[in-house]
Structure formats: C-alpha cells, structure tokens
1. Would you please put 177-187, 231-241 in order of how densely packed they are, using the mean number of other Cβ atoms within 10 angstrom per residue and starting with the highest?
2. Go ahead and collect, in residue order, the members of segment 167-184 whose backbone nitrogen is under 17 Å from a label point 7 Å along the Cα-Cβ direction of Val135.
3. So who's got an amide H within less than 5 Å of the one on Tyr27, skipping anything under 5 residues away but keeping other chains? H placed 1.01 Å off N, in plane.
4. Report the residues of segment 7-36 in range of a label on Ala75: point 7 Å along Cα→C-beta, backbone N strictly under 12 Å from it.
5. Say R0 is 45 Å: what FRET efficiency, to the nearest 0.05, do Arg198 and Thr41 get from their beta-carbon distance?
6. Which residue, chosen from Gly28, Val71, Thr41, occupies the Cα position most advanced towards the positive end of the dipole of segment 10-73, where the dipole is computed from +1 (Lys, Arg) and -1 (Asp, Glu) charges on Cβ about the Cα centre?
7. Per-residue HN-Hα couplings for segment 195-206, Karplus 6.51 cos²θ - 1.76 cosθ + 1.60 at θ = phi - 60°, whole Hz, x for Gly and Pro?
8. Using alpha carbons only, how many angstrom separate the centre of segment 114-160 from the centre of segment 54-70?
Amino acid sequence: MAVTDDRRPKYQRIADSLRKAIQSGEYGPGDRLPGENDLMTTHGVARMTARQALGVLRDEGLAEARKGAGVFVRAFRPLRRHGIQRLARDQWGNGRSIWSADMDQRALEVDQVSVSEEAAPEHISAVLDLADEEVTCVRRRRFVVDSKPVLLATSYLPLSLVAGSAITQEDTGPGGTYARLTELGYEPVHFREEIRSRMPSPDEMTHLSMAPGTPVILICRTAFTDQGRPVEVNEMTLDAASYVLEYDFDASQKPTSPNADDAAPTDPH
C-alpha cells in the first residue's frame, strides 16, 4: 500500500481539507466553517496552526471572517468578466453599458462618480500622445455588485476631444463613453488591455472592502479609432476574489494592435 508522505505544514493540510469540503458542497455559501477550537480538537494542533489554516482560506477569497461570529464560506459569487464580448460595438452601440455583459441579471450600482479636468500622469500622456500641459477629462467610478464593491476605474480622455459633451458629466447617457465618442466622430474600433496583479494599497483595501491578503488585478485598457488614434485610457483595479477573467476568441484571429511592434507597455499603477 502506498504511503503518502506529506511534509507540508499542518495548517496547509488542514486548509486543503476545508477547501475540498467547500468545493464538494459540504459547506455551502454562507455556512460557518469549523472554528479554531473545533480544528484544534479534530486535528490535534495548536491554536495558531488552526488560525493559519483559516487564514489561508480567507486569503484565497473562499472564506470571510465575521467579527464575533466566526469564519464563513464566502457567499459572494465571482463575476465572470467577458473580456472580448463586453467591448463589441453591438453592446455599447445599442445603448447598453459594457458592464452589463458581466452582470448575468445581477444588480450593478455605480455608487461613486467624479469627473474633473486634470493634467494626466506622464505615462497616460505618453499613451494618449498629448501635447505638453494638455488637459484630460478624468472620470473616476466605483462599481458595486450585490452590495460588494468590486472595481475602481479611472478613465482619461483628451479634453480637446470631449469638452462640452456628456462625457464630462457624471451620467454619460445610453451606451456610455464609447457611444458618446462615436457621436463626436471618434468611434473606438480597437482595444488593447494589459493585465497585472499585485497586493492592494491600504486605500484600495478600504474602497473595495477587501479581506487582508487578497490581491488586486490591474487592467489598463486603451481605446483606438480606426486611424489608430488613442482616445481613452481606462485604469481598472479589481478585487481578485470577486472576478474570473474570461477571453473567448478564435484561433485564426490575428493581432491588429495599432503600432504593435512599437507599443510600450503602460504603467497601470
């Protein structure tokens, strides 16, 4: 009979057993997991070991601690972000928000919106090919799903293109920014997204109501016209535990990025 020699720390093995129990449905969304005392008794470990095991599940976004009540299986169902379909012209061109492609009948709220005129950071100015001291329209939003903040977004657009339009207002109207750009004669026909991840800043943890140890996903999207002109840079910060990123495309698709050979990556920070 084969003997399994698992030399990993005990807290990792306990976390594995709890993870499997969650994945099998033994513990469902919102169920309370065994507490530290239960794990100490069941596995014969010290309190710190039991605490570390539960901490692993919290860091993975599978569980959340509720003060004075214990640790529970996370009830929030991650959003599936359809990275290609959501940007199709059939989406925003017909008056729908691109975010609605990810919602699957769930309620989306933009609970914080601000619009200002600012000088863009240097890396944004470089991508938008702005002249010295050229001002941008900056749109900042926080997106909330099922009462959970999931995403922070900051868009930069050349003010010379959008001044006087609904893009400079909090409510951009049906179809959002891309529909308004189209009306102004700057229809986005190509998009480039760059994705990174890191641990969140304290400010990001607060604004996204994140559990300690959860990383953020950084997506920097640039929108181009058919002439290859960049008209918007959108820097997004996503709670990694709240999202699944999905990209669905054909194998025959060829890259068409404007100036693909020359494009330098932007800094999404």
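1. Details: 177-187: 19.2, 231-241: 23.0.
In decreasing order of mean packing, 177-187, 231-241 become 231-241, 177-187.
2. Flagged as within label range: 167-170.
3. Distant-sequence amide H within range of Tyr27: Ile22.
4. 29-32, by backbone N distance to the label point.
5. Details: r = 38 Å, r/R0 = 0.85.
The calculated FRET efficiency here is 0.70.
6. Thr41
7. Per-residue couplings from phi come out as 10, 9, 9, 6, 7, x, 6, x, 5, 5, 4, 5 Hz.
8. After rounding, the separation between the Cα centres reads 34 Å.
Where a number appears in this text, it was derived from the coordinates with a stated rule and is not lab data. A quick note: this is a predicted structure, and the numbers were derived from the prediction, not measured. Quick reminder, even Gly has a Cβ in these numbers, built from the backbone with ideal geometry, and neighbours come from all protein chains shown.
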